[in-house]
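Below is one structure; the comments refer to it alone.
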């Protein structure tokens, strides 16, 4: 009886997943292929699909099926967890009236359009009013969701289940304590020369090099593909079709290279999910922070390491003889790890990056504590960039208008970027313990054992455990910022 | 009241169209982009969407809405027709039980797989048994649909509304009377040399040339794009996003060129539909034959005409100097219009093409008259190729296994190819009358007035009229084979 009901549950979940993945295909196609004149129609088609998926999910009949299942005793541990997670998401989804869902979706569409226009005209005022409306809506969302002790908790939990202000505060206190003195020390050393990274590197050769790196990471082109899009991203239509995109700047070697490795890390996670659990929590990524831990682990711990380039730099030099023949590996390695404050999060180095996130986190928290408005946010932004990075914001496009997240109605997303990095440091330290020859393998261009380790310990697990539990299972302890500290100090003090 | 109900009807139709177009995006992506390992999952996702769209369409609530609307008096002529066509389609769709729909869908999937395997191994036996099952199913479909006087009528009507055996018989009698003597006359003339078409033509230059031709036809890349796929096709996700694909054979100039013009003709039709009638019959193509009339008009009447190449041949010679500098326009024109029987429909010349279709039509008709089986079909195929084309079929891959249509469960589709050509001849003759300078415009690479004529007379009409009525409105008479006869005689007798 239970197994028949559970089979019905699986059937419904996989049906919804099929529709969700169809929407993902439309989204991918929109970024990669869409003809100029078709964006409105495509938007409407995606809205129809989205409403349909939402409607199926909040269908009371489905709710009652989950409810019945949650009361049965004869489910396996994995099955029970799939039901529990879905029940929790169902309950959250049904807290919002259809009216509220439509209100938010209209507010997002207005705010996003205003964000585009405000950036084009470098005019914050265009963005301010619709942002104020969005702030009211997300505060209302907090009240409706009513999770945790802090009103911001409801939003953190949407991107990272069970994440709370208390937890993030604790981590960012450590960040704020650790980074400034380290950065001060580093700033006293000679800045490495990196001009050679900004010579002309032909697009087709960069493309080939990116493909070569993806293949060496273990990204399987039988179950994915790479394309070009304005903003690199990874998307999945099931573990058998996980696609990455990249962009190539002919005058900046860094742009394509590390975004490719980053997206490759995300993609390996999706390709490694359990295909037989398609559409279920057990076949889905745990959380955004764990997703980001995979991209950052490959991007930074592998892709910005000296060992990685011991193997790849000679290959690169052969490809770009004219540009790189007079640059030693040592110089190259220093250049790609240059530490310098700047205004743009996505262009930040590995260390300053977390100050960018810290600022956004503090602002988002304040939104839910003090009823601040758009003008306050802009003021806070500029104050904090001066305080934490010592920079004055030249214009809003390089300031408060730089990220799309708020324009998408997402508040609570940013912290997962930093948490992902810190998880990455902790996971990688463990991988080094578990795979004694890891660094010499990397030196030989062989990351296959690392990938197997990630597959076994992380990818194949899906959402069968929570993020913090996963971390404890793998490393013996919960998320601990010390791993990142040690990694950062060892690497960057050695570089000066 | 009526207008409120009609608005509800439009809303539902456009919602279903959104889902149908989403499925089209998945289908396009499958042909153009799909990673090897993902076809099963994608098939499943498309099946889910397809079942969903079908379920929405046959929903009794929707049926009752149509029924109510069909009884109201205050609809405009266009609105009434939209309701009537939808009512007819609703009634047809509800004739099939869910059980039957699933049975056919499984039979198609088995037959298609068998067709692939049978072609690979050149073993008809693999295909025979599942084809026999399909024959039973389509005969059952005839009984369920029960349209017209001949059991084949039900199937003809699905691809070409109101088409009947009586009508097709009449046309193909004329075809069978007209073509053989003309072909005999032509076969006595010297065969033109066309070896120069099979030199090496680089892919990238062919690609550029194809794009140039599409642009000159008026295909709007703001509302579409071209990609590569194994089999060229056109697909539409709404008039703002109509995509074509092509294939390029480096050793055959013909392959890319005329398939591009052909698909371009289909695409211009879709780009010219009334966007404000999206999702409704009034914003949809009339029928397959009218669709094919557009592709054939451009492919043959424009793209294989001497006037077209008076403009384009010098451009082509400049692009492929080495390959074409010693070939005159006259030789080129003769070569691209070489008439010679062969075994493959899709590689046939403009005249023999209709004998290929005639054979398929006769076999399909017999399927519904005489209860023949797969083995009979194969025997008939080989007999008829000997009778009509004087060729003995070397192997089944070049014989009865060449087309995918039956493997897709489609019986009744083929005749629309010939009807499309005959409509094209009649339409083009009228366009020449209505646009006195048409041929001199074509000589100057300017087909804009032709496109405007097609837009006004055909594309923008959607399904507001039936195919035969449209033809009468434009040309003053119903489909008349004489136009094709005159076109064919004038062109091909002049070529020898």
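The values are calculated or read from the model by the stated rules, or taken from the named source; none is laboratory data. Model, not experiment: these values are computed from the prediction. As a convention, Cβ positions derive from the backbone with ideal geometry for all residues, glycine included, and neighbour counts pool all protein chains shown.
Quick look at the values:
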read-out	value
Subset of the range A:230-248 (residues that are under 16 Å from residue A:262 (Cβ atoms) and either more than 18 Å from the chain's Cα centre (by Cα) or within 13 Å of another protein chain (Cβ to nearest Cβ) (or both))	A:235, A:236, A:242, A:243, A:244, A:245, A:248
Among the candidates A:358, A:343, residue that is surrounded by 18 or more Cβ atoms within 10 Å (Cβ to Cβ) and within 17 Å of the chain's Cα centre (by Cα)	A:358
Matching residues, the range B:389-409, being without any contact (Cβ under 8 Å) to a residue 60 or more places away in the chain and either within 27 Å of residue B:153 (Cβ to Cβ) or assigned to a helix (DSSP H, G or I) (or both)	B:389, B:398, B:402, B:403, B:405
Answer from B:295, B:216 - the residue that is surrounded by 23 or more Cβ atoms within 10 Å (Cβ to Cβ) and either over 22 Å from residue B:30 (Cβ atoms) or under 15 Å from the mean Cα position of the chain (by Cα) (or both)	B:295
Residue within the range B:197-207 that is surrounded by fewer than 19 Cβ atoms within 10 Å (Cβ to Cβ) and within 14 Å of chain A (Cβ to nearest Cβ) present	yes
Test result for residue A:156, within 30 Å of residue A:465 (Cα to Cα) and touching a helix residue (DSSP H, G or I) at 6+ places or on another chain (Cβ under 8 Å)	yes
Extreme residue, farthest from residue A:134 (Cα to Cα), among residues of the range A:412-433 that are in a loop (DSSP other than H, G, I, E, B) and within 10 Å of the chain's Cα centre (by Cα)	A:414
Condition met for residue B:61 (under 30 Å from residue B:230 (Cβ atoms) and either surrounded by fewer than 18 Cβ atoms within 10 Å (Cβ to Cβ) or away from chain A (no Cβ under 11 Å) (or both))	no
Single unsatisfied condition, residue A:45 versus (1) crowded, with 19+ Cβ neighbours inside 10 Å; (2) touching a residue at least 40 places away in the same chain (Cβ under 8 Å); (3) within 9 Å of chain B (Cβ to nearest Cβ)	(2)
Residues of the range B:451-491 classified as more than 27 Å from residue B:339 (Cα to Cα) and touching a helix residue (DSSP H, G or I) at 6+ places or on another chain (Cβ under 6 Å), total	10
Residue list for the range B:15-33, restricted to those being within 7 Å of chain A (Cβ to nearest Cβ) and either more than 21 Å from residue A:50 (Cβ to Cβ) or in contact (Cβ under 8 Å) with a residue 24 or more places away in the chain (or both)	B:15, B:18, B:19, B:21, B:22, B:25, B:33
Residue B:101 being at pLDDT below 95 and within 14 Å of another protein chain (Cβ to nearest Cβ)	no
Sole residue being out of contact with any strand residue (DSSP E or B) (no Cβ under 7 Å at 6 or more places or on another chain), at pLDDT 95 or above and closer than 30 Å to residue A:134 by Cα, chosen from A:160, A:177	A:160
Unmet requirement for residue B:407, which otherwise passes all of (1) closer than 29 Å to residue B:487 by Cα; (2) surrounded by 21 or more Cβ atoms within 10 Å (Cβ to Cβ)	(1)
Meets criteria (touching a residue at least 12 places away in the same chain (Cβ under 8 Å) and closer than 29 Å to residue A:163 by Cβ) for residue A:59	no
Options B:493, B:470: the member that is closer than 18 Å to residue B:416 by Cα and in a helix (DSSP H, G or I)	B:470
Any hit, the range A:255-272, residues being assigned by TED's automatic domain parsing to the domain that holds residue A:158, surrounded by fewer than 24 Cβ atoms within 10 Å (Cβ to Cβ), modelled with pLDDT under 95 and in a helix (DSSP H, G or I)	yes
Subset of the range A:382-401 (residues that are buried (at least 18 other Cβ atoms within 10 Å of the Cβ) and more than 10 Å from residue A:124 (Cβ to Cβ))	A:384, A:385, A:388, A:389, A:393
